[in-house]
1. Taking Rh as the Kirkwood radius, which is the inverse of the mean 1/r over Cα pairs, what is the Rg/Rh value for the protein assembly as shown?
2. Can you give me the relative contact order of chain A as a percent, contacts being Cα pairs under 8 Å and 6 or more apart?
3. List, in order, the whole-Hz ³J(HN,Hα) value for each residue of segment B:29-46 obtained from phi through the Karplus relation with A = 6.51, B = -1.76, C = 1.60 and θ = phi - 60°; use x for Gly and Pro.
Amino acid sequence: MVLPEWLAEPGLNHFLVVGAILFSLGLLAVISRRNIIMVLMGIELILNSANLNFVAFSRYGSLSLDGHMIALFVIIIAAAEAAVALAIALNIYNRFGSVDIEQISELKE
Amino acid sequence: MDLFAVAFYLFAILIVGSATLMVFSRNIVHSAFALMLALAGLAVFYALLYAGFVAVTQLLVYVGGVLVLILFGVMLTTRGYFEKVRTRTVNLLPSTLFVAIVGILLVAVFLNTDWTMLPLDEDQVSMTGLGELLLTDFMLPFQVAGVLLLLAIIGAVLMAARTRPESRNTPDIPKNT
């Protein structure tokens with residue numbers, strides 16, 4: 001089986017396209033789901049697609065090791081964000097009895 | 001087709017497939033496990049791109065840490081039975097259209113840009129280089145990230161633990177007082 005060259009050898013563009021698809025799916029999860037934890041998972045997917053682009057550029061482009069460092073810091077920030085966001089989700093659940101973001105529309109005076 | 005291409009396409013299908021499953025699954029526990037599969041596949045992608053340390057960190061932090069945290073969140077915020085785990089989806093058609101347009105635009109931009117490509121040298125990435133960078137150029141972000149993690153952990157513990165005694169005394173918290 002003979003494949004065309006652009007298909008047989010994955011390069012920078014192939015990784016970028018996977019990153020773009022992941023970003024779109026994460027965005028879809030953020031804007032179409034109504035569970036606060038689903039929104040959080042969509043954000044994780046978006047952060048990971050950005051990470052994939054950083055690492056791909058550091059492999060094929062001139063970003064060298066800086067891309068890896070940025071990816072590591074993104075992972076750190078994402079972990080901290082997940083911990084705080086889940087604590088907030090637990091508080092919201094205790095307060096409102098639901099994690100549906102349509103119903104969370106009150107602020108303390 | 002060499003091994004690299006086979007691995008790339010195999011894991012690209014795995015990642016995109018499980019991410020799609022995550023977005024469209026009705027059951028949030030299925031979504032969490034699909035997200036875990038996608039993140040593990042991304043770790044393989046990082047390894048394919050010679051980013052071994054990032055791949056290991058991805059596995060440790062995401063698959064080992066964040067996913068467990070998310071599963072705990074799912075379990076703790078479900079009331080009683082499994083029916084409640086199911087979540088609803090709104091505006092599926094317009095948001096899918098919007099996201100499809102965004103994705104096509106991104107792909108078009110990526111494919112039409114003339115990226116500067118450097119010749120590949122396999123051994124350019126090393127753990128030693130990462131360690132040296134952490135203690136020289138990235139010293140300040142490294143320390144700040146440590147402080148941030150500490151703050152986030154303390155904040156998360158405080159926030160998650162604060163409401164427990166109140167809610168135990170008064171099971172029905174009035175919504176408007």
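1. Values: Rg = 20.7 Å, Rh = 20.5 Å.
Value, to two decimals: 1.01.
2. Value for chain A: 24 percent.
3. 5, 4, 4, 4, 6, 5, 4, 4, 4, 5, 5, 5, x, 5, 4, 5, 4, 4
Values in this text are rule-based calculations from the coordinates and carry no lab data. As the structure is a prediction and not an experimental result, all values here were calculated from the model.
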